[in-house]
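Each value in this text was obtained by applying a stated rule to the coordinates, not by laboratory testing. Fair warning: this is a prediction, and the values are worked out from it, not measured in the lab. All Cβ positions, glycine included, derive from the backbone under ideal geometry; neighbour counts span all protein chains shown.
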Amino acid sequence: MKPDLNNSFLAPRDWTSHSPHIYPGYKSTLLRGPKQPLVPIKQALAQLDAPVYGVEQFGPLDNDLTKNAVKNGDPLGERIIVTGRVMDEDGRPVRNTLVEVWQANAAGRYVHKVDQHDAPLDPNFLGAGRCMTDNEGRYSFKTIKPGAYPWGNHPNAWRPQHIHFSLFGDYFASRLVTQMYFPGDPLLSYDPMYMGAPDSVRELMVSKFSLDVTQPDYALGYVFDIVLRGPKATRFE
Amino acid sequence: MSQLKQTPSQTVGPFFAYGLTPTQYGYDLKSLFTPVLAQPNAQGEHIRITGQVFDGAGNAIMDAMVEIAQPDGSGQPITSVADAEARGFTGFGRCGTGTLPQSHYEFFTVKPGVAAAGQAPFINVCVTMRGLLVHTFTRIYFEDEAEANGKDAVLASAPAARRATLVAKREQTAAGPQYRFDIHMQGDKETVFFDL
């Protein structure tokens, strides 16, 4: 049932699920995170439209990163399948919603021109993809497991293996930019981005290995479910 | 009913461009969202919005991403791809600060109409970047709407001394009208960010 858009609101951002804007362990936050308190406003759903888009704007291989940038062969590295459901806090599927991903290649190198890490680029791998969720809120990508890579935050700093995710959900304010991590990664506890998230929810960003998703003789499978803010239902009980 | 916890936000990082703004940065992938919201046939006053995003040391940030969402020139939201095509207006734009001189962003759009009675025209803005673990929301209001701005409840909810950070300055250029909207993450001129 569609909520009355002019008199309904989005569930608030749950600040027990998110990092503070200033997290000293992650140095770049010090000059970039706002310091003044956010000003709370209630904006009716009718004025929180997410962007419009459609699968007709996608290329046929946009959700297969193992194939969507091939020039002269397959990309190097371990093929994986990443899938999951996008839901709101009540577990309702977020349908037909855009999921955009980008990541480093198997050697831990990004295609981005600014990335100076001394690891090889892969001519057959871009590392960007997108897809829409289905009627159950499910998305799926095929890709290459990204490598860890060093960064300049502190001496001997390494980012754990991760895939970047960007979603809108049904509303402008349900926007989420996050990162998916891999189970058992020893770098997680040293990573200030991961550790910046509250202790009780951090592991929600760690995907789960799934033998059911794993395809025999092809690729390991990982499940990463995503929970967005949804419309705040008024209940009469 | 048991509630699921929201997935924690993480920074967009420094290397988002080939995934989120590939066409703008010259990568071989077609962007879903661009700095161009309005085609020539879009109804309303065609404007350019531009500005810079500054950090707490006053330096322009070259790896931020700015997204805007707005109704069309008459205040009507865009509801589908077909609707956007018919009206020549997407209602949504995305621009990184890494391709223009001095780390500017820009959008080519139309001035939005009033979306609901009693409100001033405004544009929703989402700002994210390396160093920001949770994206920020703000709004662009227009300095030539002083009367409507004076009655707008959301603008009034912002601290009076900081309200001007939400108002874009109108400039006339050879190419047409332009609004300047700088975003200050910190400092004396810290932009008002909303929890919406």
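Peptide A:164-177 shows a mean partner chain C-beta count of 5 within 10 Å per residue C-beta.
Among A:Tyr190, A:Tyr171, which comes first, second and so on when ranked by fewest other beta-carbon atoms within 10 Å?
Details: A:Tyr190 16, A:Tyr171 24.
With the fewest neighbours first, A:Tyr190, A:Tyr171 line up as A:Tyr190, A:Tyr171.
Exposure proxy shown here: for A:His117, A:His154, the number of other Cβ atoms within 10 Å sets the order, fewest to most, as A:His154, A:His117. Given only helices, namely DSSP H runs of n ≥ 4 each adding -39500 (n - 2.57), what is the per-residue ellipticity at 222 nm of chain A, to the nearest 500 deg cm²/dmol? Mean residue ellipticity, 222 nm, calculated: -500 deg cm²/dmol. Note on chain A: GNM, Cα springs under 10 Å; of A:Phe224, A:Phe58, A:Phe165, the largest mean-square fluctuation is that of A:Phe58.
Take each residue in B:122-132, count the other chain C-beta atoms within 10 Å of its C-beta, and the mean is 4.
Can you tell which of A:Gln47, A:Gln57, A:Gln161 shows the greatest fluctuation in a Gaussian network model of chain A with Cα springs below 10 Å? Between A:Gln47, A:Gln57, A:Gln161, it is A:Gln57 that shows the largest mean-square fluctuation.
Say the dipole of chain A comes from +1 at the beta carbon of Lys and Arg and -1 at that of Asp and Glu; which of A:Phe224, A:Phe172, A:Ile81 then lies farthest toward its positive end? Comparing the listed Cα positions along the dipole, A:Phe172 ranks first.
With K and R counted +1 and D and E -1, the other residues having a Cβ less than 9 Å from that of B:Gly91 yield a net charge of -2. Build a GNM of chain A with springs between Cα atoms under 10 Å apart, and of A:Ala69, A:Ala46, A:Ala11 the one that fluctuates most is A:Ala46.
Determine, for B:Asp83, A:Asp88, the number of other Cβ atoms within 10 Å of each Cβ, and report the residues in order from fewest to most.
Placing the least packed residue first, the sequence is B:Asp83, A:Asp88.
Shape summary: the stretch B:111-196 maps onto an equivalent ellipsoid whose semi-axes, from the alpha-carbon gyration tensor, are 21, 17, 13 Å in decreasing order.
Please compute, for peptide B:21-30, the average count of beta-carbon atoms on other protein chains lying within 10 Å of each residue's beta-carbon. Working shown, then result.
Numbers: counts 0, 4, 0, 0, 3, 1, 6, 6, 10, 4.
That works out to 3 on average.
Extension gain for A:Met132 to A:Leu220 (0.36 nm times residue separation, less C-alpha to C-alpha distance): 29.5 nm. Which one, B:Ala146, B:Ala158, B:Ala38, projects farthest toward the positive side of the charge dipole computed for the stretch B:17-184 from Cβ point charges (K/R +1, D/E -1)? Farthest along the dipole direction, towards plus: B:Ala158. Where Lys and Arg each count +1 and Asp and Glu each count -1, what net charge lies around A:Ala50 among other residues with Cβ under 9 Å from its Cβ? Residues near A:Ala50 contribute -1 overall.
Counting Lys and Arg as +1 and Asp and Glu as -1 over every other residue whose Cβ lies under 15 Å from the Cβ of B:Leu100, the net charge comes to 0.
Along the axis of the charge dipole computed for the stretch B:45-196 (Cβ charges of +1 for Lys and Arg, -1 for Asp and Glu, origin at the Cα centre), the listed residues B:Ala117, B:His104, B:Ala60 are led at the positive end by B:Ala60.
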